[in-house]
Every structure is written in C-alpha cells, then in structure tokens.
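Engineer: Take this structure, written in structure tokens, and hold onto it; I'll ask about it next.
The values are calculated or read from the model by the stated rules, or taken from the named source; none is laboratory data. Since the model is a prediction, treat every value here as computed from it, not as a measurement. Positions of Cβ are generated from backbone atoms using ideal geometry, with glycine treated the same way; all protein chains shown enter the neighbour counts. Please note that ligands, DNA and RNA were not included when accessible areas were found on the heavy atoms of the full protein model with its side chains. Shrake-Rupley method; radii C 1.70, N 1.55, O 1.52, S 1.80 Å.
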Amino acid sequence: MHPPARTLREKIEKGRPVIGTFMVEFSGPAVVGVMAGAGFEFLFIDGEHGNQNPRELEVTIEAGYQAGL
C-alpha cells in the first residue's frame with residue numbers, strides 16, 4: 001500500500017480528522033499539486049461528472065501519487 005494511504009487509513013481508524021476535497025470541474029495535475037501543497041490529505045476525482053478523458057485522469061492520478069495523496 002502507498003505509504004500516505006496507510007497513514008490516511010490509520011488516522012481514519014483512530015477517529016482522527018482528515019482533510020480532503022472532491023474534484024469535478026477543476027482538476028488535472030496542476031490542481032493536484034496545489035491541493036497537496038495546501039495540506040489536503042486526499043482527493044476524490046470525479047470521473048463521471050468531470051470533463052476529463054481517460055488519459056487526463058491517468059495523469060491526474062499519477063500526480064496525486066507523486067504528491068503523496
């Protein structure tokens with residue numbers, strides 16, 4: 001498991017708060033970097049209602065992984 005995911009899971013299991021957001025309209029690697037820098041611990045990327053194609057989703061997910069989200 002990705003180390004930040006393990007940390008997030010442990011916080012949730014202990015009842016500690018975690019900070020995240022839902023990305024629909026404004027998404028992409030640059031937005032992921034801004035969110036990670038702002039201290040978010042997780043992001044939900046809406047692949048159903050958002051406007052990203054599969055390749056853009058892949059790049060956005062990889063950016064999240066690289067940013068530790």
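Engineer: What is the chain's relative contact order, in percent, from Cα pairs under 8 angstrom and six or more apart in sequence?
Structural biologist: So the answer I get is 39 percent.
Engineer: What ranking of Thr60, Thr21, Thr7 comes out by heavy-atom accessible area, probe 1.4 Å, highest first?
Structural biologist: Highest to lowest solvent-accessible surface, that is Thr7, Thr21, Thr60.
Engineer: Let me ask something additional. If you place +1 on the Cβ of every Lys and Arg and -1 on the Cβ of every Asp and Glu, how big does the dipole about the Cα centre of the chain come out, in debye to the nearest 20?
Structural biologist: 380
Engineer: If you look at just the Cα atoms of the chain, how large are its Rg and its Dmax in Å?
Structural biologist: Considering the chain through its Cα atoms, Rg and Dmax are 12.2, 36 Å.
Engineer: Quick one: 3J(HN,Hα) in Hz for segment 46-56, Karplus 6.51/-1.76/1.60 with θ = phi - 60°, rounded, Gly and Pro as x.
Structural biologist: For segment 46-56, the Karplus curve yields 7, x, 8, 9, x, 10, 9, 8, x, 5, 5 Hz.
Engineer: Which FRET efficiency, nearest 0.05, do Ala5 and Ala30 yield, Cβ-Cβ r, R0 25 Å?
Structural biologist: 0.65
Engineer: Name the residue from Ala30, Pro54, Ile12 whose Cα lies farthest towards the positive end of the charge dipole of the chain, charges +1 on Cβ of Lys and Arg and -1 on Cβ of Asp and Glu.
Structural biologist: Ile12
Engineer: Work out, step by step, the length gained on full extension between Ile12 and Val59: first 0.36 nm times the residue separation, then minus their alpha carbon distance; give nm to one decimal.
Structural biologist: Taking 0.36 nm per residue and subtracting the Cα distance, the gain is 14.2 nm.
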